[in-house]
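Enquirer: Take a look at this one; I'll ask things after.
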Amino acid sequence: MTRAERDGWAVVTVTGEMDLISSPAVRQKVHDAVADGRRDVVLDLAGVRFCDSSGVGVLIGSRRLMRSCAGRLRVVLPAADAPPGQGAHVNRVLAALGVRRLFEVFPDLAAATDESAQPLSA
């Protein structure tokens, strides 16, 4: 997991799994960005191949945190029908739980950090 800056956005890139073990680190990266004064955060989840309920909890908690500080959260997720191994798992999990609509989802990092880009529909 890494944190970088791109076009004024703090970008947290997560790869592998978002589960009980790794989710606290993702949560901490988002909190650190806010503590550093960042109000525009992108969670790049294109490389996440597995997400459990603790990962979903971190996403919802991150959304709540960004809203509480008048910030913005954008999420990079491949389409739910993308080939296996291309990060579509999180998109399918969020859709199955009925919470996908809560997030501004973009197909890639370039779109997520482009002020003129529109999020994908749920």
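Enquirer: I need every pair where a residue in segment 96-122 that is among the hydroxyl-bearing types (Ser, Thr, Tyr) has its Cβ under 6 Å from the Cβ of a residue that is assigned to a loop (DSSP other than H, G, I, E, B) and surrounded by fewer than 15 Cβ atoms within 10 Å (Cβ to Cβ), sequence separation at least 6 or different chains.
Expert: Partner pairs satisfying both residue conditions: Thr113/Asp7.
Enquirer: Sticking with this one: Sort through Ala79, Ala95, Ala111 and tell me the only one that's over 18 Å from Lys29 (Cα atoms) and at pLDDT 95 or above.
Expert: Ala111
Enquirer: Sticking with this structure for a sec: Taking the residues in segment 1-25 that are β-branched (Val, Ile, Thr), within 13 Å of the chain's Cα centre (by Cα) and under 17 Å from Ser53 (Cα atoms) as candidates, determine which candidate is surrounded by the most Cβ atoms within 10 Å (Cβ to Cβ).
Expert: Here the answer is Val14.
Enquirer: Output yes when any residue across segment 39-56 is assigned to a helix (DSSP H, G or I), touching a helix residue (DSSP H, G or I) at 6+ places or on another chain (Cβ under 7 Å) and not small (Gly, Ala, Ser), and no when none is.
Expert: Within segment 39-56 (the criterion being assigned to a helix (DSSP H, G or I), touching a helix residue (DSSP H, G or I) at 6+ places or on another chain (Cβ under 7 Å) and not small (Gly, Ala, Ser)), the answer is yes, since at least one residue qualifies.
Enquirer: Separate question: Within 14 Å of the chain's Cα centre (by Cα), closer than 17 Å to Val26 by Cβ and at pLDDT below 90: is that true of Gly87 in this structure?
Expert: Yes; evaluated as a whole, the condition is true for this residue.
Enquirer: Keeping to segment 26-70, report how many residues are over 19 Å from Thr113 (Cβ atoms), surrounded by fewer than 23 Cβ atoms within 10 Å (Cβ to Cβ), within 12 Å of the chain's Cα centre (by Cα) and at pLDDT below 95.
Expert: Adding up the residues that qualify gives 0.
The values are calculated or read from the model by the stated rules, or taken from the named source; none is laboratory data. Bear in mind the structure is a predicted one, so any value in this text is a computation, not a measurement. When we count neighbours, we look across all protein chains shown, and the Cβ atoms used for this are built from the backbone with ideal geometry, even at glycine.
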